[in-house]
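Report on one structure; see the data block that follows.
The values are calculated or read from the model by the stated rules, or taken from the named source; none is laboratory data. Treat the numbers as computed from the prediction; the structure is a model and nothing was measured. Every residue, glycine as well, gets a Cβ built from its backbone with ideal geometry; the counts of neighbours run over all protein chains shown.
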Amino acid sequence: MLYTAIQSLSSHWKRRPGQLAMLAIGLALATALWSGVQAINAEARSAYDRAAATLGQDQLARLERADGRPVSLDTYLALRSAGYLVSPVISGEIRDANGRLRVLGIDPLTAPAAAQGPALDGDLDLSTFFTAPGLLLVSEATANGPLPTDLPPITISSDVPPAAAITDISTAARLLGQTDPSYLLVAPQQPFGLPPLADATDLQLRAPETANDISRLTDSFHLNLTAFGFLSFGVGLFIVHAAIGLAFEQRRASIRTLRALGTPLRTVLLALGIELAAIALVAGLIGILMGYLIAAALMPGVAGTLRGLYGAEIEGILRFDPYWALSALFITWLGAAAAAVQAMIRTARMPLLAPALPRAWAQASGRAMRVQTVAALALFGLAAMLALFGQGLIAAFLCLAALLIGAALILPGVMSVALRFLPTRGAFSEWVLADTRQQIPGLSLALMALLLALSANIGVSTMVGSFRSTFIGWLDQRLASELYITAADPSEAAFLMDAIRPDVDAILPIVSADQRLFDRPAQVFGVVDHPTYRQAWPLLAQSENPWDQLATGNAALINEQLARRENLSPGDLLPIAEGLPIVGVYSDYGNPNGQAIVSLDRFADTYPEVQPFRFAIRINPEQAPAMASRLREEFGLPADAVTNQDQVKAFSIEVFDQTFLVTGALNILTLGVAGVALLTSLLTLANLRLPQLAPLWAIGTSRATLAKVELIRALGLAMLTFIFALPVGLALAWVLLALVNVEAFGWRLPMQLFPGDWTRLFALALIAAGLAALGPALRLARIPPARLTQIFAQER
Amino acid sequence: MRLLALILLLTLSQAHAQGFAGLGTQADGFAIPQPDPVFTFPEDHGPHPEYRIEWWYLTATLQGMDGTDYGIQWTLFRSALEPETSYDWTAPQLFMGHAGLTTPTAHFSAERLARGGIGQAGVTSDPFHAQIDDWHMYSTATDGDAYDALHLTARGSNFAYDLNLTANGPLIFHGDGGYSVKSAQGQASYYYSQPFYAVTGTLNLPDGDVPVTGTAWLDREWSSQPLSDDQMGWDWFSLQFEDGARMMAFALRSTEGGTFTSATWINADGTTESYGDGHIALTPLATTQVAGRTIPTQWQLTFPVRGIDIQTTPINAQSWMDTSFPYWEGPITFTGSHTGRGYLEMTGYE
């Protein structure tokens, strides 16, 4: 009997393959976007975990100097000869025009068990690892990616984190030109009878990094992606809900017949359930495949984003994880079940002998709308409270969610009110408006989906646009010098600068040192007193004559990130040298770390070992290209050692655009899904509405006119939705810029408006709605008059 | 395989001459021991980087005030990747230290690894000082041979010791004047010992410090290809007889089941007689389950030429050196035709 029930019920899909396709597409899209985002997040997280577990950083404490500079070899040897089990690591980055690589040099002889380094091939000759030219262990992706030239031989190991190489400490020492260990790993168990390590050394003992910095730093990004994934999944489920509702309405008669023939209700429900599960399985598998493809396509962008925003290294390559696929399939079933619940309940409650009277599956109900509106207002209130008093990233995202859900809930109410105030001319237009109001409940889910997609689009593009224009403006100021030169070493630098000094306006050395400030990595720069800086570096906060004070050497400027994170303002002391008063705060977009600027003299006193070999050159812009080629030809500088402003700017903007590539792609995908949701809803309604349209046709309105009205109505609703989405989207952008961005990145951006983008989006929304409405309208225009006549016979 | 394990394989397979399988490597670029050596001291007390492997190997049988037996081991191995040395991270000279401490009820072991060249480990001959981390063996002799008086320290995760050693006799040379043949194919090493130490000092145990006295034996050996391809392990004895005589005996076990034996008889005055393959016979009398392996811990040693027929018993049958390449090493006593104390090392038991 079950088989027969399934057979007769599923014959419906044979007659309406389009509907089946719609259901499958809805499920597949929902699964695809959700699982795609999950795959990206999982991949990134496992990359962080691998990086965190490198050399046992997640299990081993380490000793390092408070200022972040290398530990002297003598200090290391003194600890060893006192009996302490510590192991040196020399780490650093090598970089040239071809690529960059983080090098981790370990001493396998003293490394604690947790830091023994990666697995090696059994037949590898160990003396190649220990003796020159040495051996670099890198992951496969790193080996295939851009790498600096003149590296020692490379061997593949899957345990090495992205963009890094593990090698013997002797090889690292040679490659990085550094003899002193960068830090020391501490074995968990120290020998018998020794005083505590902390008493034996001035070095700072840092606990193992259980929750590593990078994953905390990138949380906001992944939260962002997850939010997008949820949004897409929800929008996809709107489609599924609509498709299932439609199928239910159309199969009322079959179900009634089956029941009348004696099929138990349980069997009918089971048949419907099995059918849905089967469709969900197929659609889910397609969705997983699509999700994987989307994720794989977006992965390089995500890698670029993470590197650009946080300096986090992940490989732009996606691995396939069967657990991920299974969990995605489970989510698809769960979503399908949630979307089908209403239709199932209705089937269960359907009286056995009731006439197969179709009615709108979502009946208009003024009361429901009022409840929604009250809920929406409460959510807006919550959003406002969170915006005013909330702390942290989670609060910012909750604020976003409250705002969006509230906007979606209040949409039907806003629409009804708006339609009430539209002017009407004549009975027909009055009917059209009244009928539209009547339709809103049925279309509301699809319109909400459209609203969410449009607001998200407006919000995110406003944020990215504001970000981009601020960033470019800032680049123009920051990259004020015409040429940037990198010499091979300080002595070549001195020679070069002496040679060109007569022909240029000014030579500004660029020197920096890594230093831990407030127990986090930071950089300190030294600058000469020059109008370039005074003019080009706008300060967000300052005390009197900050640049004059800086020039004395007894003051420092800090970036916005450091100021916000440590709650510093002008007048506070910065722990550099004996403590320098802060005289200004500058904006420093795109930098995850703290930064400080001191005068060049102060810098040279504090970091005598850092010699300048990079320089910014001020020169008449017209002479810049000639000077660049002179440096290359006359002094033999490699091409990448001389860059002009335009190149640097172009590169920076490229990095920036890469950064938001993923956001843009997800935006478009979500909008597409919303379009499909609208189409499904309209299709569902089209049949249900025939009983309402038939009388109009009977009193003389042509089918073409009715179809035109349907089309115009869809466009009108889309327009109304867009108009409502605009303030919602801008509110969203404000939350993103003023709350999320500050929490996530530590800096705040001025919000700018981009009406051009809105126009484009408006057009897109209309196209989506038009395309969605076109099919149903065409069908109405071509409906056989006999069918309309039948409606009077059968339905009334 | 983990990096460290591989390194150890490399290090041990060459440095730990006491018989692991498949170690008959070619000595490319390294010097090879030649017959009729002429030793010069103190230089030869120090390292020989032109040879692939070398060790300073000291064992002591000790007693507490209450007569409890103890034993300690202190070993520094040198293993060269290339026959040269330098004074930075790139030095191809690797060092490995092993320390053991045996009581009747417990056995402690510790291991240290380091590269030479940066100052973390190394050996100097004048003044004599062998060191890895905080483990030291250095000369306290004011005149005479540098090895006549030594200070010795080591520390593990749950034990430490600090001992002073004074030699009551001369250095002795094994084999043919210090040229010790290790197989029928002719593999050989330079090998001499100081077997006449009297020891005083302190053992630091988890339950407290124990003052001890006793005797000790220092082995010095270096080579570049000590073992034949088919030699898979060895059993090595150092014995002190009650009349003051000493004896060194070893058997290298072949994969085919045969052995290659060698022995040095040391009279109380330091005069020696060497005995090549076939003069001694070693027979296991009892085995013990140690670290999941079956190890022969009681032996019969017969040496007909010298009228010796003794049975050895370990102070602690579980004297397992739980190092990267584990082996059995601990103090023994012996009875039979003669009585006395000694040290036993057994390697290559799977």
- Query: If you scan segment B:271-323, which residues turn out to be in contact (Cβ under 8 Å) with a residue 24 or more places away in the chain, of a type in the set (G, A, S) and surrounded by fewer than 17 Cβ atoms within 10 Å (Cβ to Cβ)?
  - Reply: B:G276, B:A291, B:G307
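Residue-wise test of (1) under 43 Å from the mean Cα position of the chain (by Cα); (2) in a helix (DSSP H, G or I); (3) in the same structural domain as A:H530 (by TED's automatic domain parsing).
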site	(1), (2), (3)
A:G465	yes, yes, no
A:S491	no, yes, yes
A:A494	no, yes, yes
A:A499	no, yes, yes
A:P502	no, yes, yes
A:L508	yes, no, yes
- Sole miss for B:I118 among (1) part of a loop (DSSP other than H, G, I, E, B); (2) out of contact with any Phe, Trp or Tyr (no Cβ under 7 Å at 6 or more places or on another chain); (3) free of Cβ contacts under 8 Å to residues at least 60 places away in the same chain is condition (2)
- Message: Within segment A:310-320, does at least one residue satisfy the condition of being modelled with pLDDT under 80, touching a helix residue (DSSP H, G or I) at 6+ places or on another chain (Cβ under 6 Å) and part of a helix (DSSP H, G or I)?
- Response: yes
- Subset of segment B:122-138 [facing chain A (nearest Cβ under 9 Å) and farther than 10 Å from B:A154 by Cβ]: B:Q131
- Item | Unmet criterion (only one of (1) of a type outside the set (V, I, T); (2) surrounded by fewer than 18 Cβ atoms within 10 Å (Cβ to Cβ); (3) farther than 30 Å from A:F389 by Cα) for A:Q752 | (3)
- Task: Determine which member of the set A:R174, A:R102 is facing another protein chain (nearest Cβ under 8 Å), at pLDDT 80 or above and not in a loop (DSSP other than H, G, I, E, B).
- Result: A:R174
- Please enumerate the residues belonging to segment B:78-106 that are in a strand (DSSP E or B) and within 12 Å of chain A (Cβ to nearest Cβ). B:S79, B:A80, B:Q93, B:L94, B:F95, B:M96, B:G97, B:A99, B:L101
- Query: Which residues, taken from segment B:133-158, are surrounded by 24 or more Cβ atoms within 10 Å (Cβ to Cβ), without any contact (Cβ under 8 Å) to a residue 60 or more places away in the chain and under 14 Å from B:Q73 (Cβ atoms)?
  - Reply: none
- Query: Of A:A165, A:A143, which residue is more than 9 Å from every other protein chain (Cβ to nearest Cβ), over 27 Å from B:S86 (Cβ atoms) and outside any loop (DSSP other than H, G, I, E, B)?
  - Reply: A:A143
- Would you mind listing the strands (runs of 3 or more DSSP E) fully within segment B:143-238 where at least 3 residues are modelled with pLDDT of 95 or more and hydrophobic (A, V, I, L, M, F, W, C)? B:149-155, B:160-167, B:188-205, B:208-223
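Residue-wise test of (1) more than 20 Å from A:L451 (Cβ to Cβ); (2) surrounded by 20 or more Cβ atoms within 10 Å (Cβ to Cβ); (3) without any contact (Cβ under 8 Å) to a residue 40 or more places away in the chain; (4) touching a Pro at 6+ places or on another chain (Cβ under 9 Å).
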position: A:P695; (1), (2), (3), (4): yes, no, yes, no
position: A:A698; (1), (2), (3), (4): yes, no, no, no
position: A:S702; (1), (2), (3), (4): yes, no, yes, no
position: A:K708; (1), (2), (3), (4): yes, no, no, no
position: A:I723; (1), (2), (3), (4): no, no, yes, no
position: A:L726; (1), (2), (3), (4): no, no, no, no
position: A:G729; (1), (2), (3), (4): no, yes, no, no
position: A:L732; (1), (2), (3), (4): no, yes, no, no
position: A:L736; (1), (2), (3), (4): no, yes, no, no
- Task: From the list A:A383, A:A376, A:A402, pick out the single residue that is closer than 20 Å to A:R437 by Cβ, part of a helix (DSSP H, G or I) and either touching a residue at least 24 places away in the same chain (Cβ under 8 Å) or out of contact with any Pro (no Cβ under 6 Å at 6 or more places or on another chain) (or both).
- Result: A:A376
- Message: For segment B:139-189, which positions are away from chain A (no Cβ under 14 Å) and of a type in the set (D, E, K, R)?
- Response: B:D143, B:D145, B:D148, B:D176, B:K182
- In the list A:D67, A:D49, which residue meets the criterion of being out of contact with any Asp or Glu (no Cβ under 6 Å at 6 or more places or on another chain), outside any helix (DSSP H, G or I), at pLDDT below 80 and charged (D, E, K, R)? A:D67
- Test A:T486 against the criterion of being buried (at least 16 other Cβ atoms within 10 Å of the Cβ) and either at pLDDT below 80 or among the basic types (K, R) (or both), and give yes or no. yes
- Filter pass, A:G729 being in contact with a Gly (Cβ under 6 Å, 6 or more places away or on another chain), in the same structural domain as A:V432 (by TED's automatic domain parsing) and outside any loop (DSSP other than H, G, I, E, B): yes
- Message: If I filter segment A:528-554 down to residues being hydrophobic (A, V, I, L, M, F, W, C), modelled with pLDDT of 80 or more and closer than 22 Å to A:F471 by Cα, which single residue comes out as surrounded by the fewest Cβ atoms within 10 Å (Cβ to Cβ)?
- Response: A:L540
- Single match in B:A317, B:A268 (criterion: part of a loop (DSSP other than H, G, I, E, B), among the aliphatic types (A, V, I, L, M) and over 14 Å from B:P195 (Cβ atoms)): B:A317
- Query: From B:F128, B:F77, B:F30, which residue is in contact (Cβ under 8 Å) with a residue 60 or more places away in the chain, out of contact with any helix residue (DSSP H, G or I) (no Cβ under 9 Å at 6 or more places or on another chain) and buried (at least 18 other Cβ atoms within 10 Å of the Cβ)?
  - Reply: B:F30
- Entirely in segment A:515-596, the strands (runs of 3 or more DSSP E) that have 2 or more residues that are more than 34 Å from the chain's Cα centre (by Cα) and without any contact (Cβ under 8 Å) to a residue 40 or more places away in the chain: A:580-586
- Residues that are of a type outside the set (D, E) and free of Cβ contacts under 8 Å to residues at least 12 places away in the same chain, drawn from segment B:197-251: B:G208
- Does A:A211 satisfy the condition of being more than 14 Å from every other protein chain (Cβ to nearest Cβ) and modelled with pLDDT of 80 or more? no
- Note on the structure: Within segment A:467-482, of all residues that are part of a helix (DSSP H, G or I) and among the hydroxyl-bearing types (S, T, Y), the one modelled with the lowest pLDDT is A:T470
- Message: I'm trying to understand the selection: among the residues of segment A:186-205, which are within 14 Å of another protein chain (Cβ to nearest Cβ) and farther than 23 Å from A:R516 by Cα?
- Response: A:A187, A:P188, A:Q189, A:Q190, A:P191, A:F192, A:G193, A:L194, A:P195
